[in-house]
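Worksheet: one structure, shown below.
The values are calculated or read from the model by the stated rules, or taken from the named source; none is laboratory data. As the structure is a computational prediction, the values presented were derived from the model and not from experiment. No Cβ is skipped: glycine too gets one built from the backbone with ideal geometry, and neighbour counts run over all protein chains shown.
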Amino acid sequence: MVSNQPMQQSQHNVQAQSTQSETAGEPEKSVQKQDQAQEQTDSLDALLDDIESSLESNAEEYVQRFVQKGGE
Amino acid sequence: MSVVRLMGIETEYAIASESSNNPIALSYELVEAAASAAPAPVRWDYRPEDPVNDARGYHLPRASARPDMLTDSPELRTTNVVAGNGGRIYVDHAHPEYSSPEVKSPRQVIAYDRAGDLLMQEAAENASRATGHRISIYRNNTDGKGSSWGAHESYQMRRSVDFMTVAGLMELHFATRQIYTGAGRVGLGEGTERGEVTPGYQLSQRADYFHARIGLQTTFDRPIVNTRDESHSTAEFRRLHVIVGDANRMDVPEFLKMGVTSLVIWLAENAESAGFDLNGFMAAHALKDPVAALQGISHDLTLGAEWDTESGAKTTAWQTQVALRSAIYEVAAAVFGTDSTGEPLWPDAPTREVIQIWGEVLALLARVRHESDEERLSDTDAASNLEWLLKWQILEGLRRRKKTQWDAPLLKAVDLRWADCNPAASVFTKLRSRTRRLVSDEDILAARRAPENTRAWLRAQMIREFPGDIVAAGWKQIAVRTQDGSIATLDMSDSERFTRERVSDALDEASTAMEVLRLLGGKQ
């Protein structure tokens, strides 16, 4: 039966990865995961600093002025 | 065909200037600047265009069409430029627009769409210098104040496939593909009498502006499936014109937008010969209310909302995408055969790549669905593939830091600046290195020249080599001036006949445009 195989394959493929976050039960892995998450949060923070400082001091006026007409 | 087929994309840009609130005037200024940078001023040839031909098999009388549906009417589009890469830059209503040249694969679409961003940004900068006011363009689809503009896809497909079958499949696909194609938007609702914008964040820029299932129109009561039937090709093909998509800045969402849609078309073209029961598939999966699902899926950041099917079952957007992928696997196994693991023997690299990345991204989405907000904030892998998620990470990060709600002007400003095409001002530019790239900067630079594998090559070369001889150019014809002052037209309906390989001898040999026509005509 060719017809069921692809379904099982793609389901399997998807489920294998989807449970990754739920299998981090071992303490070592869990610490590693926390460290990685911390690093990612730090780099996101630096990026947010940059974005915040690059935006208009008056975001409200900028947003209000952005008025287009319909297209297509 | 496979994923590989004639395809292209049209991007409308938002346009703004601190010293003007007239986007139409600004659009003309930009396109005039683009014209002065183009190889030659060539008129767009509207003769064969027919925007009121309906794919369902009838023709809307022009008298009953709204004026904005008559997109071939020259007074609505007095400014047109054939770009150096064979694409087209023009004013469309109140927006400057870039149409990519015709290409054959999703990667090519991305390269030519990004090259379009560069051409349009250069034109904006030249127009700024010429007029003395700074003009900014944005690659997005709504101002959140009632207006929306498009990023339209085109796909060549066999006309022999029943259009309503295609329409049904596309409705299902377009409502659910947003989970990986969405560019993300701050605000819910249109911002008109149809609904105030309420605070929040959603997957798609466009979903809230669609109110019908199927129709010819593109500017009002927008339909999920657009029926405009201008093939720009031979009688064997139609062009599926798709108006429901977002303008993406990230590569993976745009790659899958083009690639998976091309595969779903391939499914429609091949189901019957493979013995696949497409009617049965549709009976099992068709959504009961596709318009509500389109908007609801866009608003559902959990990715888990269930939607009623016509058959009385429930489905999520993710499950529908998995079902479409399985159907394509089944038909491909019958059409191409399989290897020892049961994997279909995909016919070409672009198809294999689309199938693979589609599977990877669906797997990431399954993970994201079960993540807490904290986990989503640090899921850089998923965010490098999903534009709505990467944008959300930035917005949610700022929202927490500033202790604000989703109606904060700062967040709306980030959403707009994401789309700014000026690299110095764009939020997206700061994040680009965190996204998964499928085309390199070199690919994008190379896309300033025409693609060699379609008729766009001949269009661009004719204008480059014989600028004084070309009277007008369109998607499927070039009109040239003959020695006695009359005009001759080359019919390029069959794109395959005018690739670089097939026209280079004629271009090398000829010393006038008319000679090229004679030489190519001789081969026809």
Name the residues in the range B:378-403 that are farther than 17 Å from B:K430 by Cα and either touching a Cys at 6+ places or on another chain (Cβ under 6 Å) or of a type in the set (A, V, I, L, M) (or both), would you?
B:A382
Considering only residues of the range B:1-29 that are away from every other protein chain (no Cβ under 14 Å) and of a type outside the set (K, R), which is farthest from B:E102 (Cα to Cα)?
B:E29
With the requirement that a residue be more than 7 Å from chain B (Cβ to nearest Cβ) and more than 14 Å from B:D415 (Cα to Cα), what does the range A:50-64 give you?
A:S53, A:S57, A:N58, A:E61
Being among the basic types (K, R), in contact with a Phe, Trp or Tyr (Cβ under 6 Å, 6 or more places away or on another chain), buried (at least 22 other Cβ atoms within 10 Å of the Cβ) and modelled with pLDDT of 95 or more is the requirement here; does B:R455 meet it?
yes
Residue check for B:E306: acidic (D, E) and either over 23 Å from B:F255 (Cα atoms) or surrounded by fewer than 18 Cβ atoms within 10 Å (Cβ to Cβ) (or both):
yes
For B:K430, all conditions in the list (1) without any contact (Cβ under 8 Å) to a residue 40 or more places away in the chain; (2) crowded, with 18+ Cβ neighbours inside 10 Å hold save one; what is the number of the exception?
(2)
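Residues checked against (1) of a type in the set (V, I, T); (2) closer than 19 Å to B:I110 by Cα; (3) in the same structural domain as B:V361 (by TED's automatic domain parsing):
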position	(1), (2), (3)
B:C421	no, yes, yes
B:V427	yes, no, yes
B:R436	no, yes, yes
B:D441	no, yes, yes
B:M462	no, no, no
B:E465	no, no, no
B:G468	no, no, no
Restricted to the range B:396-420 and to residues being within 9 Å of chain A (Cβ to nearest Cβ) and of a type in the set (G, A, S), the residue farthest from B:D143 (Cα to Cα) is B:G397
Going through the range B:349-369 one residue at a time, which ones are without any contact (Cβ under 8 Å) to a residue 60 or more places away in the chain and at the interface with chain A (Cβ under 9 Å from one of its Cβ atoms)?
B:G359, B:E360, B:A363, B:L364, B:A366, B:R367
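Taking the range B:428-471, which residues are of a type in the set (A, V, I, L, M), away from chain A (no Cβ under 14 Å), within 28 Å of B:W388 (Cβ to Cβ) and part of a helix (DSSP H, G or I)? Break it down into steps so the answer makes sense when it comes.
Taking the range B:428-471 first, the residues of a type in the set (A, V, I, L, M) are B:431, B:438-439, B:444-447, B:450, B:456, B:458, B:460, B:462-463, B:470-471.
Adding the requirement that they be away from chain A (no Cβ under 14 Å) leaves B:438-439, B:444-447, B:450, B:456, B:458, B:460, B:462-463, B:470-471.
From what's left, within 28 Å of B:W388 (Cβ to Cβ): B:438-439, B:444, B:447.
Within the range B:428-471, just B:I444 meets the criteria.
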Test: residue in the range B:278-296 that is free of Cβ contacts under 8 Å to residues at least 12 places away in the same chain, within 13 Å of another protein chain (Cβ to nearest Cβ) and within 27 Å of the chain's Cα centre (by Cα):
no
Please determine whether any residue of the range B:501-517 is within 30 Å of the chain's Cα centre (by Cα) and either modelled with pLDDT under 95 or crowded, with 16+ Cβ neighbours inside 10 Å (or both).
yes
Return yes or no: is B:G200 more than 21 Å from B:T261 (Cβ to Cβ), in contact with a Lys or Arg (Cβ under 6 Å, 6 or more places away or on another chain) and not hydrophobic (A, V, I, L, M, F, W, C)?
no
Based on what the data block shows, is B:T338 modelled with pLDDT of 95 or more, in the same structural domain as B:G189 (by TED's automatic domain parsing) and within 30 Å of B:V186 (Cα to Cα)?
no
Would you say B:T320 is part of a loop (DSSP other than H, G, I, E, B) and at pLDDT 95 or above?
no
I need the full set of residues from the range B:180-210 which are among the small types (G, A, S) and either free of Cβ contacts under 8 Å to residues at least 60 places away in the same chain or crowded, with 22+ Cβ neighbours inside 10 Å (or both), in order please.
B:G182, B:A183, B:G184, B:G187, B:G189, B:G191, B:G195, B:S204, B:A207
Residue tally, condition assigned to a loop (DSSP other than H, G, I, E, B) and loosely packed, with under 13 Cβ neighbours inside 10 Å, over the range B:386-407:
2
Taking the range B:478-509 on its own, how many of its residues are within 20 Å of B:F237 (Cβ to Cβ) and either among the basic types (K, R) or part of a helix (DSSP H, G or I) (or both)?
5
Looking at the structure I just gave you, is B:T489 more than 14 Å from chain A (Cβ to nearest Cβ), touching a Leu at 6+ places or on another chain (Cβ under 9 Å), in contact (Cβ under 8 Å) with a residue 12 or more places away in the chain and not small (G, A, S)?
yes
Regarding B:A271, is this residue surrounded by fewer than 20 Cβ atoms within 10 Å (Cβ to Cβ), among the small types (G, A, S) and within 14 Å of another protein chain (Cβ to nearest Cβ)?
no
Within the range B:327-379, the residues that are of a type in the set (V, I, T) and assigned to a helix (DSSP H, G or I) are B:I328, B:V331, B:V335, B:T351, B:V354, B:I355, B:I357, B:V361, B:V368
Given B:E306, B:E343, which one is acidic (D, E) and closer than 19 Å to B:V260 by Cα?
B:E343
Could you tell me whether any residue of the range B:318-334 is more than 11 Å from every other protein chain (Cβ to nearest Cβ), in contact (Cβ under 8 Å) with a residue 60 or more places away in the chain and of a type outside the set (D, E)?
yes
Only one of B:R114, B:R177 is buried (at least 24 other Cβ atoms within 10 Å of the Cβ) and either in contact (Cβ under 8 Å) with a residue 40 or more places away in the chain or within 14 Å of chain A (Cβ to nearest Cβ) (or both); which?
B:R177
